[in-house]
Structure formats: C-alpha cells, structure tokens
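Undergrad: Would you mind keeping the following structure in view while I ask a few things?
The values are calculated or read from the model by the stated rules, or taken from the named source; none is laboratory data. Because the structure is a prediction, the values reported are computed rather than measured. Heads up, the Cβs are rebuilt from the backbone with ideal geometry, glycines too, and the neighbour counts pull from every protein chain shown. For the accessible areas, the whole protein counts, side chains as well, though only heavy atoms, and no ligand, DNA or RNA atoms are used. Shrake-Rupley method; radii C 1.70, N 1.55, O 1.52, S 1.80 Å.
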Amino acid sequence: MNFKSQNTLLSKIAAWSDAHLAEARGFVLSRQGLLQYDLSISQLYALANIIRSSQEYPQITDFIKNQAGKAERAGKSKTASYWQDLKTKFDDYAKDAQEIARITIPRQASDVEQVKTIHRQLQQCFVQHLIAESLLYQRRINEQTKGQ
Amino acid sequence: MKSHELELKRRQFLAERGDFYAIPDANDKRRGAAHEFAKEFARSREDKGLTHSGVDKANIRGLESLAWSTESIADILDYIRMRVGRDIRNQGWGKRGIGIRLADKLESLRADAEKFYSDKEPKDDAVRRLHLELCREFIKHLTALYEFYKKPEVLEDEF
C-alpha cells in the first residue's frame, strides 16, 4: 500500500469512528442500567485487548459468545442481550470494512486479510467509544449513589 | 470558488477562530474559552498544592499530542471522557466538571466548521476535517495558556 492510500485509509477509518460515536453513546445510554451491577468496564477492556491481539474474527466472536453464555447461565438476560447486540453490530461492520477497502485500496479490496484488518480497526474504534461512555455513566451512577 | 481561494479563506477562518478561542473580551463573553479553561486547569492544579497535581502538565501535553497525531475527533473526546470517568476522587479531569465541559466545548466546535461551509460546497468530509483542525487550534491555545497560568506568581496575581 502506498503512502497516499495509507493516509486515505486512515482518514476513512477516522471518519467512520467519528460518525459512529453517537451510535456508541446510544448503545450505552439504552443499557446504562447494566453498568451498575451486571456489566463491568473490565469486560470491555478485555474485549478491546482481544480485538487488538486477535488475528481472526472468530476469536472475537468466541469471547462475546462466552460473555453472553455466562450471563445467560447467571439468569441475566439483559446482559446476554447486550453482548448479542454487540456481536450483531460487529457482524454488520464487516460490510463497512469492505466498502472502506473498496474506496481506499481498490486494488486490494479483494484481499481478505486487508479487509479483516480494517474490520478489526472499526471494532476497536467502537469499543473505545463504549469504554469512554461507560466510564462516564458509571461515574455518574456512583455520584448519584453517594448523594443518596 | 477556486480551490486555492477556498484554502486561503479556510486558513484565515482557522486563524480568526484561534484568536476567538484564545483572547477574551470583556464585552463578549463568548470569546476566550480556551483562556478560561486554561486558567481553570491551572487553578485545579494549584488547589491541590505543589505536591500533588490535579490536571497537570503531562495530562495537558498528552491531550495536545493526541490532538495533533489523530485523524479522529472522537479519539480526542474519548481521551478526555475516559479520564473524567476514571477520576473517582474528583481531583483531576472530573473536578468541577471541567473535563466534561471541555469535551462538550470541543464537540460544539463543529458548529463553527458547519458555519464556514454554509455558503460553500464542502468536498468529502471537509466539515469533519475542519472541525478536527478547530479542535487542534483550541487545544494549542489551551496548552500555551495553561503553561503560562500554572506559574505560581501568575496565579497569585490572578486569584
């Protein structure tokens, strides 16, 4: 990949990240009740680490399915739904990754490994937003709890 | 408008906005937001005493470094919001809501970018890119003014 293509790719990923910030906020806001008891930020950090270190998408989905399964077995259906909804989003982002590859690196858009790398970067961006928003909501919950 | 004319206007707009963010005006409270944030960050540090800082130079420099190295505005906002979220004791970014107000302010700069392009035809993600540069401009002035205001003799004069 040449320098110009690399820059264009970075720009497109950054634009995608900015465009999906509101979606991440909405995802956290609609499930903020989970942050008090059923979902910990450390799980999101663990997911971020898995995405960073994995080479294959199934490694990421296995982690998510594992978290959803644990929640189901504990009778926490809303938490299980959280993970299942997140997996659905990640599956959808594969199309975005393909489109970004088509626009920025058209000669390599059919290169599966390149598209997988872009897909992982999109997931990483989204999880970063989730972590930031979740930390903020958890802080607000703690402040409200102290005030009571 | 020709592209070089647009680029010139864009740079002039960035410079004008930079002045707007950095230089206060007693007759216009909207001016000097970066100036006010810098004073408040410097003051939060001073409140803790010299032995333990609130938002200290490393934090501000880290924000500046990120602003200039990232292509994503969301990265800058996430950086601040994570630090607010982690500040459980309200001694740093969470103190008096300063971090979240800064994040909100940077996010609101998009309105300035949209205003610039309101009578022009922006290409691709020109509005987003201008928003990013406005954030960089704001943070640049915030950092410089913070360095000035964190000097004890300056704080004594101010407060």
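Undergrad: Among the residues of the range A:14-33, how many are in a loop (DSSP other than H, G, I, E, B) and more than 9 Å from chain B (Cβ to nearest Cβ)?
TA: So the count comes out to 4.
Undergrad: A further question follows. Of the numbered conditions (1) over 18 Å from residue B:75 (Cβ atoms); (2) in contact with a helix residue (DSSP H, G or I) (Cβ under 7 Å, 6 or more places away or on another chain), residue A:44 satisfies every one except a single condition; which is it?
TA: (1)
Undergrad: Are any residues in the range B:116-132 modelled with pLDDT of 95 or more and open to solvent by 50 Å² or more (accessible area, probe 1.4 Å), and if so, which ones?
TA: Passing the criteria: only B:129.
Undergrad: Then there is this: Give the residue that is least open to solvent (accessible area, probe 1.4 Å), with candidates limited to residues of the range A:36-89 that are within 28 Å of residue A:146 (Cβ to Cβ) and of a type in the set (S, T, N, Q).
TA: A:79
Undergrad: Among (1) free of Cβ contacts under 8 Å to residues at least 24 places away in the same chain; (2) in a helix (DSSP H, G or I), there is one condition residue B:13 misses while meeting the rest; what is its number?
TA: Condition (1) is where residue B:13 drops out.
Undergrad: Look at residue A:11 and say whether it is within 11 Å of chain B (Cβ to nearest Cβ), assigned to a helix (DSSP H, G or I), touching a Lys or Arg at 6+ places or on another chain (Cβ under 9 Å) and surrounded by 15 or more Cβ atoms within 10 Å (Cβ to Cβ).
TA: Criteria met by residue A:11.
Undergrad: Can you name the condition, by its number, that residue A:110 falls short on among (1) assigned to a helix (DSSP H, G or I); (2) open to solvent by 50 Å² or more (accessible area, probe 1.4 Å); (3) over 24 Å from residue A:137 (Cα atoms); (4) without any contact (Cβ under 8 Å) to a residue 60 or more places away in the chain?
TA: (1)
Undergrad: If you don't mind, another one. Would you confirm whether or not the range A:119-129 contains a residue that is surrounded by fewer than 12 Cβ atoms within 10 Å (Cβ to Cβ) and on the phi < 0 side of the Ramachandran plot? Even if it seems obvious, please write down each step before you answer.
TA: To start, the set of residues in the range A:119-129 that are surrounded by fewer than 12 Cβ atoms within 10 Å (Cβ to Cβ) comprises none.
Taking every residue of the range A:119-129 in turn, none turns out to be surrounded by fewer than 12 Cβ atoms within 10 Å (Cβ to Cβ) and on the phi < 0 side of the Ramachandran plot.
Undergrad: Could I ask something else about it? The conditions are (1) over 17 Å from the mean Cα position of the chain (by Cα); (2) of a type outside the set (A, V, I, L, M, F, W, C); (3) part of a helix (DSSP H, G or I), and residue A:117 fails exactly one of them. Which is it?
TA: It is condition (1) that residue A:117 fails.
Undergrad: Report yes if some residue within the range B:137-153 is touching a residue at least 24 places away in the same chain (Cβ under 8 Å), closer than 13 Å to residue B:17 by Cα and among the charged types (D, E, K, R); otherwise report no.
TA: Among the residues of the range B:137-153, at least one is touching a residue at least 24 places away in the same chain (Cβ under 8 Å), closer than 13 Å to residue B:17 by Cα and among the charged types (D, E, K, R), which makes the answer yes.
Undergrad: Across the range A:120-146, what is the number of residues that are over 16 Å from residue A:19 (Cβ atoms), at pLDDT 90 or above and more than 11 Å from every other protein chain (Cβ to nearest Cβ)?
TA: Qualifying residue count, the range A:120-146: 1.
Undergrad: Of the numbered conditions (1) more than 14 Å from every other protein chain (Cβ to nearest Cβ); (2) surrounded by 13 or more Cβ atoms within 10 Å (Cβ to Cβ); (3) at pLDDT below 95, residue A:93 fails exactly one; give the number of that condition.
TA: (3) is the only condition that residue A:93 fails.
Undergrad: Quickly run through the range A:96-119 and pick out the residues that are β-branched (Val, Ile, Thr) and either within 14 Å of chain B (Cβ to nearest Cβ) or closer than 15 Å to residue A:6 by Cβ (or both).
TA: The answer is A:100, A:103, A:104, A:105, A:117, A:118.
Undergrad: For the range A:24-35, enumerate the residues that are of a type in the set (Gly, Ala, Ser) and either open to solvent by 20 Å² or more (accessible area, probe 1.4 Å) or free of Cβ contacts under 8 Å to residues at least 12 places away in the same chain (or both).
TA: Kept after step one, since they are of a type in the set (Gly, Ala, Ser), are these residues of the range A:24-35: A:24, A:26, A:30, A:33.
Passing the criteria: A:26, A:30, A:33.
Undergrad: Then there is this: Mind listing just one residue for me: the one in the range B:84-103 that is buried (at least 22 other Cβ atoms within 10 Å of the Cβ) and within 11 Å of chain A (Cβ to nearest Cβ) and, of those, farthest from residue B:34 (Cα to Cα)?
TA: Once the filter is applied, the top-ranked residue is B:85.
Undergrad: Could you pull out every one of the helices (runs of 4 or more DSSP H) wholly within the range B:54-159 that has 3 or more residues that are over 16 Å from residue B:43 (Cβ atoms)?
TA: Helices (runs of 4 or more DSSP H) meeting the threshold: B:57-69, B:73-86, B:98-108, B:110-116, B:126-149.
Undergrad: Here's a follow-up. Among the candidates B:144, B:113, B:126, which residue alone is over 26 Å from residue B:38 (Cα atoms), of a type in the set (Gly, Ala, Ser) and in contact with a helix residue (DSSP H, G or I) (Cβ under 9 Å, 6 or more places away or on another chain)?
TA: B:126
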